[in-house]
Structure formats: C-alpha cells, structure tokens
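Structure, as structure tokens:
The values are calculated or read from the model by the stated rules, or taken from the named source; none is laboratory data. Given the structure is predicted, the values throughout are model-derived calculations rather than measurements. Backbone-built Cβ (ideal geometry, glycine too); neighbour counts: all protein chains shown. The accessibility values were calculated without ligands, DNA or RNA, using every heavy atom of the protein model including side chains. Shrake-Rupley method; radii C 1.70, N 1.55, O 1.52, S 1.80 Å.
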Amino acid sequence: MFHPPCRARSLAFAVFALVVMCSLPAWGQDRASVQGTVTDSSGAAIAGARVTVRNPATGARQMTVTGRSGFYAVIALPPGAYVVTARAPHFTPRSVPGVVISGEQAKRVNFQLAPGTLHQEVSVSAAPPALQTNSA
C-alpha cells in the first residue's frame, strides 16, 4: 500500500526525470563552430586578423583574432545562418554570407585576403604673400 508522501515523491521524481529527458536534445545545440585560416594572396598566414561571425536574423555577433598560423575558431554558436568577415590592416576585408550551421557542426571558412589600396591625401594650403604698400 502506497502512502501519500511516497506517492508525491514518486510523482515529483517522474516529473523531474521527464524534464531532464526532454531537455537533453537541446543540451548540445550551442556547440556548433566556425573555424578556418586567414592568408594573404601568396598563401602566407595573416596573424592578428579580426574575424567576425554575425547572425543577421538576431544581430548576435562574436569576434576573434587569428593566431600566428592564421587559424581562428568561433565556438558555441547556436544553429543559424551567419555572415563571416575577415579583416586585417593593409588588406581588403572579405565577407562570406550564408554560412549555415546546425547541431554540433564545425563549419570551415577559409579566407584569402588581397592587399588593400593605400589611400593618401595631400592638402596644400598657402596664403598669398602679404602686400607691401609703402615701397618706392
């Protein structure tokens, strides 16, 4: 014969177990990543390049910097479609839209950056010479 306190504990345990089992599929959903390398046009690694992974639907973004080998990794991303952008000083930035990740997927996105153009601006301003009114 069941006593009421035992029945309540059994019910509480059953509810707890059900909640835990239902949440297990969602547990690993934020384990997707985007990773790759950033190189120049000759294939040499670009250390210190900034890589941004942005989800246009939510506005969420994560940023990282490449290491000495040009490698980067952005982890713990929720499933979705992303725009991945790489930029480095003296190079033209490059973006890859529509990078779709799901589940525990590790998506590889490599970049080859072209040298940027150097913008130089020269401003010359000179005042005309002062007029001398008392000369002979």
query = So, of the residues in region 62-85 that are without any contact (Cβ under 8 Å) to a residue 24 or more places away in the chain and more than 13 Å from Ser33 (Cα to Cα), which turns out to be least open to solvent (accessible area, probe 1.4 Å)?
reply = Gly67
query = Which of the residues that make up region 24-44 are open to solvent by less than 50 Å² (accessible area, probe 1.4 Å) and either modelled with pLDDT of 95 or more or under 14 Å from Lys107 (Cβ atoms) (or both)?
reply = Ala32, Ser33, Val34, Gly36, Thr37, Val38, Thr39, Asp40, Gly43, Ala44
request  = Could you tell me which residue of region 86-131 is modelled with the lowest pLDDT, considering only residues that are part of a loop (DSSP other than H, G, I, E, B) and of a type in the set (S, T, N, Q)?
outcome  = Gln120
query = How many residues, within region 45-61, are within 16 Å of Val99 (Cβ to Cβ), among the hydrophobic types (A, V, I, L, M, F, W, C) and open to solvent by 30 Å² or more (accessible area, probe 1.4 Å)?
reply = 2
